[in-house]
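Before any comments, here is the structure.
The values are calculated or read from the model by the stated rules, or taken from the named source; none is laboratory data. In this text, all values refer to a predicted model and were calculated from it rather than measured experimentally. Heads up, the Cβs are rebuilt from the backbone with ideal geometry, glycines too, and the neighbour counts pull from every protein chain shown.
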Amino acid sequence: MKQSSQSHSLLIRNGHLIDPVARVDALMDVLLRDGQVVEVAPPNKIRGGADEKFDAKGLIVAPGFIDLHVHLREPGQSYKETIASGTAAAAAGGFTTVCCMPNTTPVLDSPEWVTWVRQPQRGAVVNVFPVASATQASKGAVLTDFRALQRAGAVAVTDDGKPILNETTMRDALRTSAEINFPIVQHAEDTRLTQNCSMHEGATSLRLGLRGMTDAAEAVIVDRDVQLAQQFTGARLHVAHLSTAEALKSVRRAKRNRARVTCEVTPHHFALSDSDVRDYDTNFKMNPPLRSAADREALLEALADGTVDAIASDHAPHAPHEKIVEFERASFGVTGLETALGLAVTVLHGRQKMPFARIVELFTAGPARVVDLRGRGTLLRGSHADVTIFDPKKRWTFDATKSRSKSHNTPFDEWQMTGKIVATIVSGRIVYRSG
Amino acid sequence: MSTITKTQAAVGRSAARGSILGIEGMPLSEIDRLLQLARKMNPLKPRPLLRGKRVLLLFYEPSTRTRASFEIAAKALGATTTLILSSGSSIEKGESLLDTAYTLRAVGADVIVVRHPNAGAPHLMARHLDIPVINAGDGMHEHPTQALLDAYTMLRHKKKLNSLQVAIVGDVYHSRVARSAIHLLSKVGARTTLCGPPELVPEIAATLAPGLRISRSCEEAVRGADVVMVLRVQRERLAGLKLSLPDYISRYQITMTRLRLAKNDAMLMHPGPIIRGLELTWDVADCPQSVIVEEVSNGVPLRMAVLARALGKG
Ligand SMILES: [Zn+2]
């Protein structure tokens, strides 16, 4: 193990540690040294000093949060976000690791661009693991070189923003996935059914005179992909931003069959539904769209019962000229890194009575398993010293204008929430501390 | 409903005072007031209520009757009008809706009347401008002045709106006229039946407003009606939905035989433009019960009332 130039240690004291992998849910002190967890013990049992101490009394100490689905917009779209600004927002939201999507300009479809994203010059303040493009330029036709992308540091492949629509292409992708143990992340949308649509198809879209996306557009792709994935033992399919009750049925069936199928759900999909799209506010426009109340209930149930593997923000920053326009012409997407935990605590714990241990799992061990982030998602001895500390009772109001993101396109501006990030620690160093 | 309370609306801004964006959000008292005011307006006896005011007509879609009607109404009140069409303007060069709106405000517009192919476009303008915006039709969403002029027309033939039985037949799904009419009729307490094939009148349309019914039988919908409102059906849309034209005509076209099922004094309405031989027959369009031409005439006093009210003169 390479020793960092200056040795550094940080002792987190008196906090309530929740580490689902270690099956710990108790008061514990955690000692970090030189980027690793070196000791976890009941309060005041860790001997010897530390360079820095953090008093976490009354706070929950968790493994560093991992966000599987973030659009950092670099290369090429730095007017929306940069790797530096996006990861600063991630740190403020408690995320120590983010997986960035490849729908940049150019698309992350080569080992060179994957390497570029990971270079220190990008100024990332948290760990960034690229998800590379599954097809060349994400055009859906020719698969990229999965092996080369994997070697360059990509943790999965996707054509996110668009689906891998062609059955043969998807089947070939899953075959390679099985061969090299590499997840295929699908943006499940049959775009043949969603042309010119700007929100979920239902009573609200009818009332607003907007063309609606049927829930079937998601379900048919998930259903197809689950069937294709089961043709190759070991193939790994991850359903991004799953939003419908129908699609959950396919994922449940796959999991019963022990297929390696995983899925993520966004905070906006579990906190809002299509009836919240009011007054053509484009901060409520994203893809997949806010779904029906029944879909939302199904997501809440699936988050609780273990069907859902991870909460992912689908942080999708856009500039004002792309959002302050006619609803049907506005770009899809909302920011979400800084509101994810607050929404999870407020909605999942506050209303659904979900235990904090499960919430932490959805932000840590769950996503770490989806893309095999070894030594992350837990604070077992020897793990990476990535830690998220939050106050589960703190009430606060989100102010979008104070966001670290370059863009402010959030539906949650001025929302009162419970549960606030207090400190974010990456490789043993505090990268965010609430003021 | 969301479980989280907001300290204030995320949208932040409300529409400029005097804006008329839709019937859905309009209180019944305001509807009554506009209808009463329209009765006092006479296009043949101009009143200089809006002398010196500038009415900007911003049309992103072709229009004959709505545009002419607003223009004549504005002039009858002494206002000047300027027409901006999307072709031949900076809109063609890619100027955004809001930048166009700011430009029109800067040249001295007192009110903007807008027709736009995107639902919610007038709402966006109204949130960012400090002058009233009048919706002259936004995508498939609403066409509030059409619903108001239809109510005005009904009141010229019927004593009250709240006892009326109304059949709306045709393409409800794509129709902004239908949405506005449905909200207005529901607010005044009329009993409305929507009629058409599921592709054009989806089951979920019953949730648009309280008191709505859906019927798949034209005969059933029209029987005993005080008002039969026929909506345009576009050939291209039937093609897109794989609904055969002969099938539509045989089941839903308003013919004299079907119209006779309505009350003897029933009114036959259509927002136009009509396509004879498709949603109605030639003779129905011109029958004594047809008020199709009168609707167009009534658009002028009604829009005089709307403009006067928007500018605080009514
Ligand atoms: Zn996506």
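Structure summary
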| item | result |
| --- | --- |
| Residue among A:F65, A:F129 that alone is at pLDDT 95 or above and in contact with a Phe, Trp or Tyr (Cβ under 6 Å, 6 or more places away or on another chain) | A:F65 |
| Residue check, A:E338 farther than 18 Å from A:V24 by Cα and within 14 Å of chain B (Cβ to nearest Cβ) | no |
| Residue in the range A:239-261 that is closer than 22 Å to A:L68 by Cα, in a loop (DSSP other than H, G, I, E, B), within 14 Å of chain B (Cβ to nearest Cβ) and touching a residue at least 12 places away in the same chain (Cβ under 8 Å) present | no |
| Qualifying residue in the range A:355-364 (condition: in the same structural domain as A:T96 (by TED's automatic domain parsing), surrounded by fewer than 24 Cβ atoms within 10 Å (Cβ to Cβ) and in a loop (DSSP other than H, G, I, E, B)) | yes |
| Some residue of the range A:299-311 being under 24 Å from A:R211 (Cβ atoms), within 14 Å of chain B (Cβ to nearest Cβ) and touching a strand residue (DSSP E or B) at 6+ places or on another chain (Cβ under 9 Å) | yes |
| Number of the condition not met by A:G333 [criteria: (1) surrounded by fewer than 24 Cβ atoms within 10 Å (Cβ to Cβ); (2) within 30 Å of A:A22 (Cα to Cα)] | (2) |
| Output for the range B:260-276, where each listed residue is within 16 Å of B:R223 (Cβ to Cβ) and in contact with a Ser or Thr (Cβ under 9 Å, 6 or more places away or on another chain) | B:M267, B:L268 |
| Residues (buried (at least 21 other Cβ atoms within 10 Å of the Cβ) and out of contact with any helix residue (DSSP H, G or I) (no Cβ under 8 Å at 6 or more places or on another chain)) located in the range B:147-164 | B:M154 |
| B:D138 being of a type in the set (D, E), within 14 Å of chain A (Cβ to nearest Cβ), under 23 Å from the mean Cα position of the chain (by Cα) and under 30 Å from B:V228 (Cβ atoms) | yes |
| Residues of the range A:18-35 satisfying the condition of being farther than 17 Å from A:F390 by Cα and touching a Ser or Thr at 6+ places or on another chain (Cβ under 9 Å) | A:V21, A:A22, A:L31, A:L32, A:R33, A:D34, A:G35 |
| Search result, residues across the range A:267-287 that are part of a loop (DSSP other than H, G, I, E, B) and touching a strand residue (DSSP E or B) at 6+ places or on another chain (Cβ under 7 Å) | A:V277, A:K285, A:M286 |
| Which numbered condition B:L185 fails, given (1) closer than 17 Å to B:H143 by Cβ; (2) within 14 Å of another protein chain (Cβ to nearest Cβ); (3) in contact with a helix residue (DSSP H, G or I) (Cβ under 9 Å, 6 or more places away or on another chain) | (2) |
| Number of the condition not met by A:H318 [criteria: (1) farther than 22 Å from B:A101 by Cβ; (2) away from every other protein chain (no Cβ under 14 Å)] | (1) |
| In the range A:404-432, the residues that are more than 14 Å from every other protein chain (Cβ to nearest Cβ), surrounded by 23 or more Cβ atoms within 10 Å (Cβ to Cβ) and in a loop (DSSP other than H, G, I, E, B) | A:S405, A:S407, A:G428 |
| Number of the condition not met by B:R105 [criteria: (1) in a loop (DSSP other than H, G, I, E, B); (2) closer than 20 Å to A:P320 by Cβ; (3) away from chain A (no Cβ under 14 Å)] | (1) |
| Cross-chain or 6+ apart pairs with Cβ under 7 Å, the range B:24-42 first and part of a loop (DSSP other than H, G, I, E, B), then small (G, A, S) | B:M41/B:A305 |
| Matching residues, the range A:203-217, being within 16 Å of the ligand (Cβ to nearest atom) and in a helix (DSSP H, G or I) | A:A217 |
| Matching residues in the range A:218-237 - criterion: being of a type in the set (S, T, N, Q) and either within 26 Å of the chain's Cα centre (by Cα) or not in a loop (DSSP other than H, G, I, E, B) (or both) | A:Q227, A:Q230 |
| Selection count where residues are surrounded by fewer than 24 Cβ atoms within 10 Å (Cβ to Cβ) and either of a type in the set (S, T, N, Q) or within 15 Å of the ligand (Cβ to nearest atom) (or both), scope the range A:218-239 | 4 |
| Complete set of residues in the range A:274-287 that are within 17 Å of the chain's Cα centre (by Cα) and either more than 16 Å from the ligand (Cβ to nearest atom) or within 15 Å of A:T339 (Cβ to Cβ) (or both) | A:M286 |
| Matching helices (runs of 4 or more DSSP H) fully within the range A:288-352 where at least 2 residues are under 20 Å from the mean Cα position of the chain (by Cα) and more than 16 Å from the ligand (Cβ to nearest atom) | A:293-305, A:340-343 |
| The range A:243-273: number of residues that are away from the ligand (no atom under 16 Å from the Cβ) and in contact with a Phe, Trp or Tyr (Cβ under 9 Å, 6 or more places away or on another chain) | 2 |
| Residue identified as outside any strand (DSSP E or B), modelled with pLDDT of 95 or more and not aromatic (F, W, Y) among B:P273, B:P288 | B:P288 |
| Odd one out for B:T192, checked against (1) surrounded by 22 or more Cβ atoms within 10 Å (Cβ to Cβ); (2) within 14 Å of another protein chain (Cβ to nearest Cβ); (3) closer than 30 Å to B:E236 by Cα | (2) |
| Residue match in the range B:300-312 (condition: within 30 Å of B:V133 (Cβ to Cβ) and over 21 Å from the mean Cα position of the chain (by Cα)) | yes |
| Selection from the range B:108-124 of residues that are at the interface with chain A (Cβ under 10 Å from one of its Cβ atoms) and on the phi < 0 side of the Ramachandran plot | B:H116, B:P117, B:N118, B:A119, B:A121, B:P122, B:H123, B:L124 |
